[in-house]
1. Just one of the numbered conditions (1) among the acidic types (Asp, Glu); (2) more than 9 Å from the ligand (Cβ to nearest atom); (3) out of contact with any Gly (no Cβ under 7 Å at 6 or more places or on another chain) is not true of Asp32; which one?
2. Take the residues in region 76-91 that are in contact with a Pro (Cβ under 9 Å, 6 or more places away or on another chain) and within 16 Å of the ligand (Cβ to nearest atom), then tell me which one is nearest to Cys25 (Cα to Cα).
Amino acid sequence: MSDCIFCKIAAGEIPSDRVYEDDVCVAFRDLDPQAPVHLLVIPKVHVDGADAVTGDNSGLVAHIFEVIPGLMRGQGVSGGFRVVTNVGQDGGQSVRHLHFHVLGGRALGWPPG
Ligand code: AMP
C-alpha cells in the first residue's frame, strides 16, 4: 500500500534500525521502546492486521513466529519475552500493517493496559 509507513520501511524507503530481514519479513527496533529489547516484526507484504489473517496469508504469521525466538536469542534475551499484536482502534493499533511487538530484557508486568 503506497501510504503505509511499514510497507515503506519494508521496502527500505523509510529508514529503520533493522535487525533482521528475509524474503518474508523484516524486524526492526521500535522508535518508542517499552522494554530494553523492543522489536517490531512485520510481513513484507501488506496485511492490515491480525483481523485480516486468512488461510491465504497465515503462512506469513507462522513464519514470523518461527523467526522470533532466534531473533531474541540474537538480542541476548534469555529470560523469556512477550509477543503482542494490537488490533484495531480499541486494541490500540496505530499502524494498520500487521506487526508483532516482541519485548524482552526485563520482567514484564501483567495484565497489560
Ligand atoms: P501499534 O500502536 O501497536 O500499531 O504499534 C505501532 C508501533 O510502531 C509503535 O510502538 C510505534 O512506536 C512504532 N513506530 C511507528 N513508526 C515507527 C518507525 N518509523 N520506526 C520504528 N517504529 C515505529
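Nothing in this text is a laboratory measurement; each read-out follows from the coordinates by a stated rule. No experiment lies behind these values; they were computed from the predicted model shown. Here Cβ is always computed from backbone atoms with ideal geometry, including for glycine, and neighbour counts include all displayed protein chains.
1. Unmet for Asp32, out of (1) among the acidic types (Asp, Glu); (2) more than 9 Å from the ligand (Cβ to nearest atom); (3) out of contact with any Gly (no Cβ under 7 Å at 6 or more places or on another chain): (2).
2. Val84
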